[in-house]
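What follows is a short report on a single structure.
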Amino acid sequence: MSIEVLQFCGIGHPDYPSNSDLPIIMRKRIVSGIVFLLLLLSACNQRANTYFEKKLTYPNILTSDQKIKLAAYVVPTKQQYEWQQMELTAFIHFGINTFTGREWGDGTENPALFNPTNFDAEQWVTSLQKAGFNMIILTAKHHDGFCLWPTKTTSHSVAHSPWRKGQGDVVREVKEACEKYNMKFGIYLSPWDRNAESYGNSPRYNALYAEQLTELLSNYGEVHEVWFDGANGEGPNGKVQEYDWPRFYHIIDSLQPKAVKAVMGDDVRWVGNEDGLGRETEWSVTPLQPNINEAIILENKRLGIDPMAEDLGSRSIIELAYSIHWYPSEVDVSIRPGWFYHPEEDQQVKSLAQLVEIYFKSVGMNSVLLLNVPPDTRGQLHEIDVERLKEFGSYINNLFGNKKLLDGEILWRARSGESREYNVKANEIINTIMLREEIRKGQRVARFMVEGLLDDQWVKLTEGTTIGYKRLIRFEDAAPSKIRVTILETRDIANISEVGAYYAPALETNNTVQ
Ligand code: FUL
């Protein structure tokens, strides 16, 4: 893939234009080794603002300090940056499992079981949109192989169900509802397929999967994310399928250039759990890559990293790396215990307090939240879930719509050890801080502290490690007249684009939900 684009912004350029404005002077493959090295070294010496989009391969002459410094110049692609800005995205698990009560179908289900009684995609989209969500990712096919669109590749689809007399197309109705309400749209197409007879016969199944992907990415307008699930529960005696990832990536890049590729894709990284928990220290720049070929598998092993590792971007990991990548984290979690709708879980919808906690641990920890809300057998989001989304949306809106700082939106270029003071509006109580870096200039901050001026004394309110696109931290209620942010450690001059302070009302946590 031609992702190794080197962008050279000119010596001492103080501002970083948007990626699309940047002159792409050279593609790495035509940059001679010497020029490339000179650029790297000038970046190390800070004589030029040289940014590396998505990937940087280290020449082996670099010192550890130079490697860390260059990590501060790896930046997102335009697609990755736009994805990060969405902050809140929604997963929709809907399919044959909705009607069988299972989480993983085995592929033998009769398509006649799929029969939503009052399907309403607009209800999904409007409920999610009012709650602040900006994209819906639909399970067009889950592990059971049942396709929610009338595909030419198999009879195991909606076309052989009684729903809309076999004339229905869930993908189309959802996409049209998204278009109507200006919601972005993404596709989950399970690589593991327990229905396809060809699964395990690698070339034949790859051809089928490529065709399914092509149908989905050709016939439904714009797609902004393709989610390649890594799950495969075949077990030791199961079928072994070798996926043709380069082919699948190529289909996406050519048919939907705006889409990011997630999980087994190399644009968006699985956070490593399904509980809604981000990392305290979350570097978007990491040597980790998805395990899509032997070389990568060996390299991840050599470094001792996988998506679940606690540390994916510290100095000690980067020192050992041969290449590093802008590979930001996505937190996927379901509003219910299961991914699919089960009536017996109606009383286990996550509470507002739990959802807010998840928000702080995902969006507030330099990640994008992908919250699953599964429609029921009517083909609608359940009333309890809709109500919870509403509460969540208004809580978040009220919290962050009510800024307590007078002057938080000034770009601040901070060196290690530097501080900056911000004025709090008169007589306001705060308990939440927001810090943001301009990630189009790289992620750099490794440690920070926030103090409040209380009775003429600076008192520590909170501290943390990484910031990235957005960092949110809650602390005890306080009414300082000013706050002071100190960047204790940074990989290069940090570009702090915004500082915010807010008041987050306390929430009941003793709910009956899990
Ligand atoms: C997992 C799958 O096995 C679950 O069923 C669900 O789709 C989740 C989002 O990913 O790997």
Checklist outcome for this item: FRET efficiency for His160 and Asp106 from the Cβ-Cβ distance with R0 = 25 Å, rounded to 0.05, comes out at 0.90
Item to check | Net charge of Cβ neighbours under 11 Å - reference Ser351; Lys, Arg +1; Asp, Glu -1 | outcome: -1
Checklist entry - Under a 1.4 Å probe, what is the accessible area of the chain per residue, stated in Å²? => result 40 Å²
Checklist entry - Pulled fully out, how much extra length does the chain show between Asp275 and Lys482, if you take 0.36 nm times their separation in residues and subtract their Cα-Cα distance? => result 70.9 nm
Item to check | Full-stretch length increase - Val240, Thr117 - with 0.36 nm per residue and alpha-carbon distance subtracted | outcome: 40.5 nm
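Among all helices in the chain defined by DSSP H, which have a length of 20 Å or more along the axis from Cα atoms plus a Kyte-Doolittle mean of at least -1.0?
Numbers: long enough: 202-218 (23 Å, -0.36); 383-400 (26 Å, -0.31).
What comes out of the filter, once short or polar helices are dropped, is 202-218, 383-400.
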Item to check | For region 369-378, 3J(HN,Hα) per residue [Karplus equation, 6.51 cos²θ - 1.76 cosθ + 1.60, θ = phi - 60°, Hz, x = Gly/Pro] | outcome: 8, 10, 8, 8, 10, x, x, 8, 6, 6
Checklist outcome for this item: Distance in Å, no decimals, from the C-alpha centre of region 263-297 to the one of region 448-514 is 27 Å
Checklist entry - Using the alpha-carbon centroid of each, what span in Å lies between region 226-244 and region 126-202? => result 19 Å
Item to check | 3J(HN,Hα) from dihedral phi, region 277-284, Karplus parametrisation 6.51/-1.76/1.60, rounded to Hz, x for glycine, proline | outcome: 10, x, 9, 4, 10, 10, 8, 7
Checklist entry - Of Lys55/Lys261; Lys55/Lys78; Lys184/Lys261; Lys69/Lys441; Lys258/Lys361, which pairs sit farther than 18 Å apart, going by alpha carbon to alpha carbon? => result Lys258/Lys361
Checklist entry - Ignoring any ligand, DNA or RNA, what whole percent of the accessible area of the chain comes from carbon and sulfur when the probe is 1.4 angstrom? => result 49 percent
Checklist entry - Roughly speaking, what is the stretch gain from Leu399 to Arg247, that is 0.36 nm per residue apart minus the C-alpha to C-alpha distance, in nm to one decimal? => result 50.3 nm
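The values are calculated or read from the model by the stated rules, or taken from the named source; none is laboratory data. Since the structure is predicted, the reported quantities are computational estimates derived from the model, not experimental observations. Here Cβ is always computed from backbone atoms with ideal geometry, including for glycine, and neighbour counts include all displayed protein chains. Just the protein is used for accessible areas: all its heavy atoms, side chains included, with ligands, DNA and RNA removed. Shrake-Rupley method; radii C 1.70, N 1.55, O 1.52, S 1.80 Å.
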